[in-house]
Amino acid sequence: MESHLPDCRIHIYADDTAISVNGRSVSEIEEKLNNKLRMASEWMVRNHLTLNCTKTNMMYFGTAHTLQIIDRSPPIVQSDDSIIQSVEEFKYLGVVLESKISFTNHVEYLIGKGIGHLKMLGRTCKFVDEETSLQLYKTLMSPIFDYADVVYDCLNVRDSHALQKLQNSALRIVLKRDRRSHVADSHKDTNLHYLADRRHFHMLNQVYKCVNELVPDRVSRQLK
């Protein structure tokens, strides 16, 4: 599909496809989106595929001022006479995206998911030793914190603090310590980094791989 849709970015993973365009005005964005969807539809017909418009959404990213302009005169985007619905929030490949790209909603999603795992951790760690508790933490909690963390490394202070509080609670459960105990001791004793430091490390690791061509070309090109 990529060779048939020039002048746009296409992100494909399994059966999920995202097409992104940019523009200086609402009319330019509207024209580009309609044109790309028409070309995508034609490609699908030739390859005996169908675009399910009921499962297709569009989202605009920009500053608060830009989004206000779009709200006053929203573009009409359609494919095969079906209007594509515009949304302000969308979960894509496990990451909650929002128009202002603040990732606040994603943090709320992570905390909600993490609290459920935290309760499970609390019930289990009462009956196992510290080493097993730490393994349970790495199984139940680490994947929540680590998945796609390089994407939302730009968190504001409030959201970063809210996410860190969840990790602090988990470590106190693992070490069977009082909630008033100093969190720095928990990190030292478990040899686990604070989440912000962990996100920075993962980001630097990803940049290193891109610079040294240890990732697919389509990924390294994002830095050029």
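The values are calculated or read from the model by the stated rules, or taken from the named source; none is laboratory data. Since the model is a prediction, treat every value here as computed from it, not as a measurement. Note: ideal-geometry Cβ built from the backbone for every residue, glycine included; neighbour counts use all protein chains shown. Ligands, DNA and RNA are stripped out before the accessible areas are found, and what is left, the full protein with its side chains, is counted by its heavy atoms. Shrake-Rupley method; radii C 1.70, N 1.55, O 1.52, S 1.80 Å.
Observations on the structure shown:
- Ile84 falls short on exactly one of the conditions (1) surrounded by fewer than 17 Cβ atoms within 10 Å (Cβ to Cβ); (2) farther than 22 Å from Leu192 by Cβ, and that condition is (1).
- Selection over segment 108-134 of residues that are of a type in the set (D, E, K, R) and part of a loop (DSSP other than H, G, I, E, B) gives a count of 2.
- Scope segment 6-23; condition of a type in the set (A, V, I, L, M, F, W, C) and part of a loop (DSSP other than H, G, I, E, B); matching residues: Cys8, Ala14, Val21
- Scanning segment 161-217 for residues that are more than 28 Å from Glu131 (Cα to Cα), outside any loop (DSSP other than H, G, I, E, B) and among the polar types (S, T, N, Q) yields a count of 1.
- Scan of segment 35-66 for residues that are open to solvent by less than 40 Å² (accessible area, probe 1.4 Å), touching a strand residue (DSSP E or B) at 6+ places or on another chain (Cβ under 9 Å) and either in a strand (DSSP E or B) or of a type in the set (Gly, Ala, Ser) (or both), ordered by number: Ala40, Ser41, Met58
- Test result for Ser3, surrounded by fewer than 13 Cβ atoms within 10 Å (Cβ to Cβ), over 26 Å from Ser142 (Cα atoms), in contact (Cβ under 8 Å) with a residue 40 or more places away in the chain and among the hydroxyl-bearing types (Ser, Thr, Tyr): no
- Unique residue being of a type in the set (Gly, Ala, Ser), open to solvent by 20 Å² or more (accessible area, probe 1.4 Å) and within 18 Å of Gly94 (Cβ to Cβ) when the list is Ala162, Ala184, Ala148: Ala148
- Of the residues making up segment 147-194, those that are in contact with a Lys or Arg (Cβ under 7 Å, 6 or more places away or on another chain) and either more than 13 Å from Phe103 (Cβ to Cβ) or in contact (Cβ under 8 Å) with a residue 60 or more places away in the chain (or both) are Arg172, Arg179, Ser181, Ser186.
- Per the listing Ile101, Ile76, Ile69, the residue uniquely more than 18 Å from Cys154 (Cα to Cα), part of a loop (DSSP other than H, G, I, E, B) and of a type outside the set (Lys, Arg) is Ile76.
- Top-ranked residue in segment 135-145 [being in a helix (DSSP H, G or I) and among the aliphatic types (A, V, I, L, M); ranked as nearest to Val95 (Cα to Cα)]: Ile144
- Pairs where the first residue, in segment 195-208, is open to solvent by less than 60 Å² (accessible area, probe 1.4 Å) and the second is among the polar types (S, T, N, Q), C-beta under 6 Å, 6+ apart: Leu195/Gln164; Leu195/Gln167; Ala196/Ser160
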